[in-house]
Amino acid sequence: MEILIVGANCLEQEHLNDLTRDPEHRVVVVDLGEEALQKVRLNACDLILLDLSLPDISGPDMITKIKGELPEVKIIVTTESNSEELEIKFREKGIIFYLIKPIHPQYLRSIIDHLTSIGA
């Protein structure tokens, strides 16, 4: 699975290390939204883990731009805001999961394993 992680604070370093050690996954990490959009344009990916608090592009704009480039890509957003309204807003934009930080490693791993097993 090709995984793009967007935002330095998207995952704790231990989560990132766990993902990158898995031979089934190719993981690329970028800090800015513009960097992510360049990666999306150059290489298709299967899954994007997107921190909603990027310094250069708002979360909703980022999702819209990504979906414009790769409509079928799976997007998981991470945020510190536990808001049902925001979750609904982002789900309407096409995300598959809305995760509140801190993210439990086992939960994230189970999501990624599930997506891998269904060929996402």
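The values are calculated or read from the model by the stated rules, or taken from the named source; none is laboratory data. Everything numeric in this text was worked out from a predicted model, so none of it was measured. Cβ coordinates were reconstructed from backbone atoms using ideal geometry, including for glycine residues, and neighbour counts include every protein chain displayed. Heavy atoms of the whole protein, side chains included, go into the accessibility calculation; ligands, DNA and RNA do not. Shrake-Rupley method; radii C 1.70, N 1.55, O 1.52, S 1.80 Å.
Nearest 20 debye, what's the magnitude of the dipole of the chain about its Cα centre given +1 on Lys and Arg Cβ and -1 on Asp and Glu Cβ? Let's see the in-between values first.
Numbers: 12 positive and 21 negative charges, 52 e Å.
So the magnitude is around 240 debye.
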Worksheet entry | Nitroxide proxy distance, nm - points 7 Å out along Cα→Cβ at S53 and E2 | 3.0
Worksheet item: Quick one: length gained pulling Y107 to N43 fully straight, 0.36 nm per residue minus the C-alpha distance?
Response: 20.4 nm
Worksheet item: Measuring from a point 7 Å past the Cα of E85 along Cα-to-C-beta, which residues in the stretch 44-60 have an amide N at less than 19 Å?
Response: 52-53, 58-60
Worksheet, complete the sentence: Dividing the helical contributions, -39500 (n - 2.57) per DSSP H run of n ≥ 4, by the residues of the chain yields a 222 nm value, nearest 500 deg cm²/dmol, of -13000 deg cm²/dmol
Item to complete: Along Cα→Cβ, 7 Å out, is where each label goes; now give me the distance between the ones at E34 and K65 in nm to one decimal.
Response: 0.9
Response to the item:
Once phi for every residue in the stretch 22-28 is put through the Karplus expression 6.51 cos²θ - 1.76 cosθ + 1.60 (θ = phi - 60°), the whole-Hz ³J(HN,Hα) values, with Gly and Pro written as x, are 6, x, 7, 10, 10, 10, 10
Discussion item. Need the C-alpha centroid separation for the stretch 33-51 versus the stretch 69-120, integer Å.
Written reply: 15
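What FRET efficiency comes out for N9 versus I96 if R0 is 25 angstrom and r is the Cβ-Cβ distance? Round to the nearest 0.05.
On the way: r = 20 Å, r/R0 = 0.81.
Step by step, r from the Cβ atoms, then E = 0.80.
Students sometimes get this wrong: rank M1, M62 by accessible area, probe 1.4 Å, all chains present, largest first.
Details: M1 35, M62 0 Å².
From most accessible down to least: M1, M62.
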